[in-house]
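Novice: A single structure is presented below for examination.
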């Protein structure tokens with residue numbers, strides 16, 4: 001059968017200087033090829049590289065520029081694979097879904113299989129191609145605002161093109177996560193997001209008259225939902241453009257008298273609240289500030305109050321192994337971010353606060369479905385997103401980010417949990 005070769009993407013390197021082809025290094029290139037051979041030994045996918053096939057069969061990844069691909073992997077193990085996709089060095093075979101292709105790779109990163117990726121001698125040399133997080137990604141007050149702004153202030157209009165009408169940018173809660181992902185629809189997403197918001201408010205006991213603090217309020221979907229129950233809400237964010245749109249959405253919902261939006265760091269909030277809510281914000285806090293974050297939650301809770309934190313998490317062993325590395329996601333999507341584990345959340349809460357943390361719901365499969373809907377919608381709405389001034393490399397970056405994340409949740413490498421925090 002004749003191999004189908006898709007059109008090869010060429011990035012505008014003046015706009016994307018990090019995607020310029022790296023200087024070729026025969027030693028690093030040979031090391032990257034050796035790593036591919038080891039990974040491919042039990043990989044249920046196929047890597048077509050320089051007319052050779054590696055892997056056990058399954059979804060096909062076609063490398064268009066073998067030298068550049070190997071150079072990127074050999075130069076930076078944390079970002080090279082994703083950067084090679086942004087640069088157009090490789091693509092899934094036509095007709096192959098990107099997340100389906102990334103699934104076997106994500107499965108190899110689960111904690112119990114990591115030791116099978118590379119031989120011990122090769123693992124001992126990983127420091128040569130692994131970078132540490134840069135110092136300018138520090139999550140102090142100034143750094144946190146800069147890091148968050150680079151993602152959440154990217155473009156309100158862009159996010160509105162692929163999120164549901166509530167502009168909820170976190171895992172939804174579907175009625176059926178066993179259904180084929182190919183059937184995931186934009187129409188079911190809105191109801192699933194409202195179901196998720198209600199699950200958080202129910203867990204925190206939010207009702208009429210409740211005083212609620214929403215840390216990292218996004219575009220205010222949770223604050224609006226709480227106010228519609230009759231709660232009084234303080235919603236805080238450090239993303240300025242996000243805050244402006246949140247205020248408009250609150251006014252449009254007719255709850256301006258019940259919701260106050262503030263451009264404020266969680267460390268600077270004062271007052272007591274019956275419920276403190278924080279949805280998928282801890283990932284942007286940074287390990288150094290996790291104790292500060294949970295201390296802030298505890299300090300804001302009134303006697304008898306309850307907090308609910310929804311968090312993306314990974315296995316504890318993988319978090320320990322990767323917490324000091326600079327990954328593709330940190331470089332291109334979430335600067336300064338770090339995904340915690342459930343174990344470390346419980347440990348920090350116990351050692352630094354009087355809070356007890358209890359997982360009350362797992363949303364990993366729900367997140368995979370959420371991400372599939374977002375990606376489908378992003379692709380469908382791409383002409384409108386492009387009209388906002390984004391180029392083809394940006395599209396590849398976001399498709400990879402959404403597909404990479406979906407694969408992580410499907411493989412169980414990532415999970416999303418709701419935690420109930422109460423004072424001991």
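Novice: Applying the selection to the range 413-424, what residues are modelled with pLDDT of 95 or more and more than 13 Å from the chain's Cα centre (by Cα)?
Specialist: Here is the first cut: in the range 413-424, the residues modelled with pLDDT of 95 or more are 414-422.
The answer is 417, 418, 419, 420, 421, 422.
Novice: Another question about this same structure. Please go through the range 230-247 and pick out each residue that is in a loop (DSSP other than H, G, I, E, B) and surrounded by fewer than 17 Cβ atoms within 10 Å (Cβ to Cβ).
Specialist: Filtering the range 230-247 for residues in a loop (DSSP other than H, G, I, E, B) gives 230-231, 238-239.
If the condition is that a residue be in a loop (DSSP other than H, G, I, E, B) and surrounded by fewer than 17 Cβ atoms within 10 Å (Cβ to Cβ), then 230 is the only one that fits.
Novice: Across the range 320-348, what is the number of residues that are touching a strand residue (DSSP E or B) at 6+ places or on another chain (Cβ under 8 Å) and over 27 Å from residue 198 (Cα atoms)? Show your work before the answer.
Specialist: Kept after step one, since they are touching a strand residue (DSSP E or B) at 6+ places or on another chain (Cβ under 8 Å), are these residues of the range 320-348: 324-326, 339-342, 345-346.
Right, trim to over 27 Å from residue 198 (Cα atoms) and you get 324-326.
Residues flagged as touching a strand residue (DSSP E or B) at 6+ places or on another chain (Cβ under 8 Å) and over 27 Å from residue 198 (Cα atoms) within the range 320-348 amount to 3.
Novice: Criterion first (at pLDDT 95 or above, over 26 Å from residue 275 (Cβ atoms) and surrounded by fewer than 20 Cβ atoms within 10 Å (Cβ to Cβ)) does residue 138 satisfy it? Before you say what the answer is, go through the steps one by one.
Specialist: Details: at pLDDT 95 or above: no; over 26 Å from residue 275 (Cβ atoms): yes; surrounded by fewer than 20 Cβ atoms within 10 Å (Cβ to Cβ): yes.
No.
Novice: Which residues, counting only those in the range 248-277, are surrounded by fewer than 16 Cβ atoms within 10 Å (Cβ to Cβ) and at negative phi?
Specialist: Applying the first criterion (surrounded by fewer than 16 Cβ atoms within 10 Å (Cβ to Cβ)) to the range 248-277 yields 248, 251-252, 254, 256-257, 260, 262-263, 267-268, 270-272.
Of everything in the range 248-277, those that are surrounded by fewer than 16 Cβ atoms within 10 Å (Cβ to Cβ) and at negative phi turn out to be 248, 251, 252, 256, 257, 260, 262, 263, 267, 268, 270, 272.
Novice: Return only the number of the condition from (1) under 26 Å from residue 257 (Cβ atoms); (2) without any contact (Cβ under 8 Å) to a residue 24 or more places away in the chain that residue 220 does not satisfy.
Specialist: All conditions are met except number (2).
Novice: Okay, moving on. Within the range 158-179, how many residues are surrounded by 16 or more Cβ atoms within 10 Å (Cβ to Cβ) and part of a loop (DSSP other than H, G, I, E, B)?
Specialist: 12
Novice: Residue 353 passes all but one of (1) surrounded by fewer than 19 Cβ atoms within 10 Å (Cβ to Cβ); (2) in contact with a helix residue (DSSP H, G or I) (Cβ under 6 Å, 6 or more places away or on another chain); which number fails?
Specialist: Result: residue 353 passes all but (1).
Novice: Moving on to the next point. So, in the range 180-215, how many residues would count as being in contact (Cβ under 8 Å) with a residue 12 or more places away in the chain and in a loop (DSSP other than H, G, I, E, B)?
Specialist: Total meeting the criteria: 8.
The values are calculated or read from the model by the stated rules, or taken from the named source; none is laboratory data. Since the structure is predicted, the reported quantities are computational estimates derived from the model, not experimental observations. All Cβ positions, even for glycine, are placed from backbone atoms using ideal geometry, and neighbour counts span all protein chains on display.
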